[in-house]
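K.L.:
Below: one structure in structure tokens.
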Amino acid sequence: MTTRLQWEDLTADVRDIISAQTGPVLKAEPISDGYNSEIAVIVHTEQARTFVKGLRTENPRVWTQRMEQAINPHVASITPRLRWQVKAGGWNLLGFEVIDGRPVDYSPGSPDLPKLRDTLGRLGQIPCPDLPLKQAEQRWSAFSDSPGLFAGAALLHTELSPGNVLITETSAHLVDWAWPTRGASWIDPACAVVWLIAFGHTPADAEEWAEQLPAWHTTTPTHLAAFAQAQHTMWASIAEDDPDAWLLRVAHGAQRWAEHRR
């Protein structure tokens, strides 16, 4: 987990770099969601608000900033638009439009779930761009004996934590495109299944929700069983290293799905 800096922690030159892009900053609103950015803040000016996220150029995860910049034009219909990118003062910084949304509610009966399903359906219609994306068979190779089952040509988000799905009155927006992946089209619905179970759905009910997405019908029980086991192995490993309550919750959801699929 990356240490998050507050606006007051930033040196004057870094704040000046951001202000040069946004205009004079009247207020800086910290963002607690997310774990990969050293800077994550909404800056308010007289004209607008901008969500700024950043990593030092020496950070080994700085490639995620470059990937978000590259993927944004391709997914602008379902994510906040990137307004600017700057690399200066030892930092890689991105400035996005602000979506007035809240984290998705994954609980049973939530009115957010049709919106998420609609957005995942729209994502499934976006052609996968010719970018150096992660490959699904590589993403989960350490957690599966048969990662080749996850290969495909679809564009995937894969990180559907509540804070990465912002709900507005009309839609669900997928944010934090640090790990866009090329793989089988059913994988994003399958990732959502884990979160649904973690927040109270039975495995059967979670799969029934996913069945309403066309991509779900392109897979087989063998593929789903392999992916469910990979999710269980991955989340168990993450929770073992960092036994935070929310990680344990997701790990338990992944375990329940794997047991259901076995």
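The values are calculated or read from the model by the stated rules, or taken from the named source; none is laboratory data. All of these numbers come straight from a predicted model, not from anything done at the bench. Note: ideal-geometry Cβ built from the backbone for every residue, glycine included; neighbour counts use all protein chains shown.
K.L.:
Take the range 109-143 and flag every residue that is under 20 Å from Thr218 (Cα atoms), surrounded by fewer than 17 Cβ atoms within 10 Å (Cβ to Cβ) and among the aliphatic types (A, V, I, L, M).
P.N.:
The one that is under 20 Å from Thr218 (Cα atoms), surrounded by fewer than 17 Cβ atoms within 10 Å (Cβ to Cβ) and among the aliphatic types (A, V, I, L, M): Ile126.
K.L.:
Quickly run through the range 73-129 and pick out the residues that are closer than 25 Å to Ala40 by Cβ and either free of Cβ contacts under 8 Å to residues at least 12 places away in the same chain or among the β-branched types (Val, Ile, Thr) (or both).
P.N.:
If the condition is that a residue be closer than 25 Å to Ala40 by Cβ and either free of Cβ contacts under 8 Å to residues at least 12 places away in the same chain or among the β-branched types (Val, Ile, Thr) (or both), then Pro73, Val75, Ala76, Ile78, Thr79, Val86, Val98, Ile99, Val104, Thr119 are the ones that fit.
K.L.:
Would you say Leu196 is surrounded by fewer than 19 Cβ atoms within 10 Å (Cβ to Cβ) and either among the β-branched types (Val, Ile, Thr) or under 24 Å from Pro103 (Cα atoms) (or both)?
P.N.:
no
K.L.:
Do the conditions hold for Ala172, that is, is it under 14 Å from Gly152 (Cβ atoms) and among the aliphatic types (A, V, I, L, M)?
P.N.:
Spelling it out, it is not the case that Ala172 is under 14 Å from Gly152 (Cβ atoms) and among the aliphatic types (A, V, I, L, M).
K.L.:
Still on this model: For the condition under 18 Å from the mean Cα position of the chain (by Cα) and either modelled with pLDDT under 95 or surrounded by 17 or more Cβ atoms within 10 Å (Cβ to Cβ) (or both), what is the one hit in Trp257, Trp209, Trp179?
P.N.:
Sole residue among the options that is under 18 Å from the mean Cα position of the chain (by Cα) and either modelled with pLDDT under 95 or surrounded by 17 or more Cβ atoms within 10 Å (Cβ to Cβ) (or both): Trp179.
K.L.:
Another one. Does Thr50 satisfy the condition of being crowded, with 21+ Cβ neighbours inside 10 Å and under 16 Å from the mean Cα position of the chain (by Cα)?
P.N.:
Considered against the rule, which asks whether it is crowded, with 21+ Cβ neighbours inside 10 Å and under 16 Å from the mean Cα position of the chain (by Cα), Thr50 comes out as no.
K.L.:
List the pairs whose first member sits in the range 16-44 and is without any contact (Cβ under 8 Å) to a residue 24 or more places away in the chain, whose second member is aromatic (Phe, Trp, Tyr) and in a strand (DSSP E or B), and whose Cβ atoms are under 9 Å apart, counting only residues at least 6 apart or on separate chains?
P.N.:
Ile31/Phe51
K.L.:
Counting just the residues of the range 149-176 that are assigned to a loop (DSSP other than H, G, I, E, B) and hydrophobic (A, V, I, L, M, F, W, C), which one comes out surrounded by the fewest Cβ atoms within 10 Å (Cβ to Cβ)?
P.N.:
Ranking the candidates gives Ala153 first.
K.L.:
If you don't mind, there's one more thing I want to ask. Only one of these conditions is not met by Ala245: (1) under 26 Å from Asn36 (Cα atoms); (2) surrounded by 16 or more Cβ atoms within 10 Å (Cβ to Cβ). Which number is it?
P.N.:
Going through (1) under 26 Å from Asn36 (Cα atoms); (2) surrounded by 16 or more Cβ atoms within 10 Å (Cβ to Cβ) one by one, Ala245 breaks only (2).
K.L.:
If I go through the range 63-97 residue by residue, how many of them are surrounded by fewer than 17 Cβ atoms within 10 Å (Cβ to Cβ), among the hydrophobic types (A, V, I, L, M, F, W, C) and assigned to a loop (DSSP other than H, G, I, E, B)?
P.N.:
Residues that pass the stated criteria total 1.
K.L.:
Report the residue count in the range 136-160 for those that are touching a residue at least 40 places away in the same chain (Cβ under 8 Å) and of a type in the set (Ser, Thr, Tyr).
P.N.:
Summing the residues that are touching a residue at least 40 places away in the same chain (Cβ under 8 Å) and of a type in the set (Ser, Thr, Tyr) in the range 136-160 gives 2.
K.L.:
How about the range 212-254: which of its residues are of a type outside the set (Gly, Ala, Ser), within 20 Å of the chain's Cα centre (by Cα) and under 22 Å from Pro114 (Cα atoms)?
P.N.:
Matches in the range 212-254: Leu213, Trp216, Val250.
Per-residue answers, yes or no, for (1) part of a helix (DSSP H, G or I); (2) touching a helix residue (DSSP H, G or I) at 6+ places or on another chain (Cβ under 8 Å); (3) more than 27 Å from Glu68 (Cβ to Cβ); (4) acidic (Asp, Glu):
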{"site": "Ser185", "(1), (2), (3), (4)": "no, yes, no, no"}
{"site": "Ala206", "(1), (2), (3), (4)": "yes, yes, yes, no"}
{"site": "Gln212", "(1), (2), (3), (4)": "no, yes, yes, no"}
{"site": "Ala228", "(1), (2), (3), (4)": "yes, yes, yes, no"}
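K.L.:
Scan the range 80-139 residue by residue and report those that are farther than 18 Å from Ala70 by Cβ, among the acidic types (Asp, Glu) and at pLDDT 95 or above.
P.N.:
Matches in the range 80-139: Asp105, Asp112, Asp118, Glu137.
K.L.:
I would also like to ask the following. Pairs needed: first member in the range 222-241, hydroxyl-bearing (Ser, Thr, Tyr); second member anywhere, assigned to a helix (DSSP H, G or I); C-beta distance under 8 Å; at least 6 residues apart or different chains.
P.N.:
Listed pairs, sorted by first residue: Thr222/Leu149; Thr233/Phe143; Ser237/Phe143.
K.L.:
If only one of Leu160, Leu149, Leu174 is modelled with pLDDT of 95 or more, closer than 19 Å to Ala206 by Cα and outside the structural domain of Arg81 (by TED's automatic domain parsing), which one is it?
P.N.:
Leu160
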